[in-house]
Each structure stands twice: as C-alpha cells, then as structure tokens.
Amino acid sequence: MGSSRVRRTAAPRTLPEKPPSDGRTLPERFRLDGRRALVTGGAGGIGKAIARRLLLAGAEVALLDRDLGALQRASQEFGTLGYRVLILAADVLRAAEVRRAVRRSVRTFGGLDLLVAAAGITDRGTAEEVDLPRWERVLDTNLTGTYSICREALPFLRRGHDPAVVAVSSVYSLIGGVGRSAYSASKGGVDALVRSLAAEGAPAGIRVNAVNPGYIRTPMTEPYEKDRTAMDFFRQATPLGRLGEPEDVADAVLYLLSPASSFVTGVCLPIDGGRSLGR
Ligand SMILES: NC(=O)c1ccc[n+]([C@@H]2O[C@H](COP(=O)([O-])OP(=O)(O)OC[C@H]3O[C@@H](n4cnc5c(N)ncnc54)[C@H](O)[C@@H]3O)[C@@H](O)[C@H]2O)c1
C-alpha cells in the first residue's frame, strides 16, 4: 500500500567488513601492540598460556609468580620463541612483594595498561574436613591476593592506555561442588570483587572482568588425570564433551583485554564447555 516504492539492491555475496567506530580493522581489534601487561600466576598453566597470547598480540609482558624456577623455565620457553618477558618472583600473600613487583614492572615498561590475576591454589575438602588455617590459605591466596595486586596496580592503570583487568575466577563460583567450600567461596568473592572494581574503575575507563574456567588441564588438575572416575565425571558434567585447555581461557582473556571488548565491563564469563548450565 502507499505510493512509495522500495528499491532493493542485490545483497553482495560476501559482506564487506563493517568498519569499527575507531577505524581499526577486525584483526587490529584483537591486537595489543604497545600495551604493557602484568600476569600473576604467570608461570602456571593458565597464566603462561595467557602470557603467550598477549605476547603474540604484541604486548610487553611481566610474569609474577612465587615459583622462581617455573618463572625461569617460562622465560626460557618464551625466549626460544623469540620473546623476552620480565620475571618477578613474588608471593601475592605478601603485600610488600606485590608492591615491589608492580613498581618494577612499571619502571621496566614505562607504565602499566593490562593486569591479569591468575595466581591461585585449590584445596579439596568438605567444610568439616577443611580447618581454619586451610580455609584462610585458600581465601587469602585467591581472593585477598587478587585484591592485593589490583590495589597496587590501579593507580598505574589509571594512567594507562585503554586499561583493562581480568581476574581468573572459576566455574565453582557459579556452581557448588563436594569438597569445594573454600575454593568456591574464594572464587565467589573474586566475582563480587570484579563487579565492584568495574563500577569503581569505569569513570577512569578501567574495564574489569573475570573468566570462570571449568576443568582445564594444567599442573593444578594433574592429580586428577590418573583418577578415571574423576575424569569420567568431569567429561560427563561438561555438555560440550571435552575438557578445557589453557588456550581456551587465554583466547577469552585476550578478547577481554583487547579493543574488541571496549564496551564490556563487570562481566564474569564462563569458559567451561557448558558445565555451569548444570544439566
Ligand atoms: N585448572 C583448572 O581447571 C582451573 C579451573 C578454574 C579456575 N582455575 C584458576 O586458574 C588460575 C590458574 O590455575 P592453573 O590451573 O594454571 O594452576 P597452576 O597451579 O598451573 O598455576 C597457578 C600458578 O599460581 C602460582 N601461585 C600460587 N599461589 C601463589 C602466590 N601466593 N603468589 C604468587 N603466585 C602463586 C603458582 O606458583 C602457579 O604457577 C587459578 O586461579 C585457578 O584457581 C583453574
């Protein structure tokens, strides 16, 4: 009805790439050239895979970990790939060490733009089995350790270029599990911390997000690998039918740190093959 005629043009066979608002091409939206990053737990399975993604994307990377031997091995590994990393031996439980490490990273790279908090431990035991010192160790490392590194880094991130933070939480912040009381409580705290840091950081343009991995093959999960019942359980509980690799987490972290996610903050993103669907 009506007299106006709509002229239809034939749809192009391949859609032209839509130019992003800031003029970056699609691959450029996942690049981190010139960005200065610090990764805690950087000598561990997930932290090291994240560091590798950040290096590939063009960032300068500092690895913080309490395990000096593992840091040195990681540095050698990256060296054979042609990358140099700064290694910082520090314990996230010790505020003075965290402060020194952050400052050294800032001095070396001339600033700080990106922070990944991946240092963490697990301790399996029901609430009755886990005593207070064990509970506190998990809470102190996973939650207070994440807070501590964020607190030291924030004044520098404030002056950074497109600053962003990612905390490595866990699927156990979203679901319960037998023997996971301390661990899931610590990671639930991380999710809550991330949302408040995101609110606090937003006026300064600091984005803060979390990833919530399901079962990922790393030194942390190595003890399960020989336990057939446990492995069958993890596979069956994962709708996508496979266990995760550190690279699955690293790809999500790269997205959350890159310009591709410039409108994303305060998000806790499950990387769990559907485990948190709880089917
Ligand atoms: N592997 C999984 O299935 C899985 C699943 C969900 C979440 N996560 C989380 O991912 C993160 C990385 O775990 P991962 O699987 O790579 O384990 P990992 O044991 O390989 O790595 C953890 C790293 O953190 C370091 N670390 C531990 N306590 C520290 C401290 N006090 N100070 C400094 N460094 C410390 C360790 O030395 C180690 O290098 C952890 O926060 C973990 O809770 C792992």
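The values are calculated or read from the model by the stated rules, or taken from the named source; none is laboratory data. Predicted model only: the values in this text are computed from it and were never measured. Methodologically, a virtual Cβ is constructed for each residue, glycine included, from the backbone with ideal geometry; neighbour enumeration extends over all protein chains shown.
Below, the figures for the structure above:
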| read-out | value |
| --- | --- |
| Test for ASP272: is it out of contact with any Asp or Glu (no Cβ under 8 Å at 6 or more places or on another chain), within 26 Å of ASP140 (Cβ to Cβ) and within 15 Å of the ligand (Cβ to nearest atom) | yes |
| Scan of the range 207-247 for residues that are surrounded by 15 or more Cβ atoms within 10 Å (Cβ to Cβ), among the aliphatic types (A, V, I, L, M) and farther than 30 Å from VAL264 by Cα, ordered by number | MET231 |
| Residue pairs meeting the criteria (Cβ under 8 Å; at least 6 apart or on separate chains; first part of a loop (DSSP other than H, G, I, E, B), in the range 202-229; second among the polar types (S, T, N, Q)) | GLY214/THR238; GLY214/SER276; TYR215/THR221; TYR215/THR238; MET220/THR122 |
| Hits in the range 99-134 - residues which are among the β-branched types (Val, Ile, Thr) and surrounded by 23 or more Cβ atoms within 10 Å (Cβ to Cβ) | VAL102, VAL116 |
| First in the range 64-82 and within 12 Å of ARG52 (Cα to Cα), second anywhere and more than 10 Å from the ligand (Cβ to nearest atom) and of a type in the set (Val, Ile, Thr), Cβ under 8 Å, 6 or more apart | ALA74/VAL85; ALA74/ILE87; SER75/VAL85; SER75/ILE87; PHE78/VAL85 |
| Residue match in the range 49-69 (condition: in contact with an Asp or Glu (Cβ under 6 Å, 6 or more places away or on another chain), β-branched (Val, Ile, Thr) and part of a helix (DSSP H, G or I)) | no |
| The range 241-260, residues that are at pLDDT 95 or above, assigned to a loop (DSSP other than H, G, I, E, B) and away from the ligand (no atom under 15 Å from the Cβ) | SER258 |
| Hits in the range 186-206 - residues which are within 21 Å of LEU139 (Cβ to Cβ), buried (at least 18 other Cβ atoms within 10 Å of the Cβ) and hydrophobic (A, V, I, L, M, F, W, C) | VAL190, LEU193, VAL194, LEU197 |
| Matching entry among ARG137, ARG159, ARG180 (being more than 16 Å from the chain's Cα centre (by Cα), more than 15 Å from the ligand (Cβ to nearest atom) and of a type in the set (D, E, K, R)) | ARG159 |
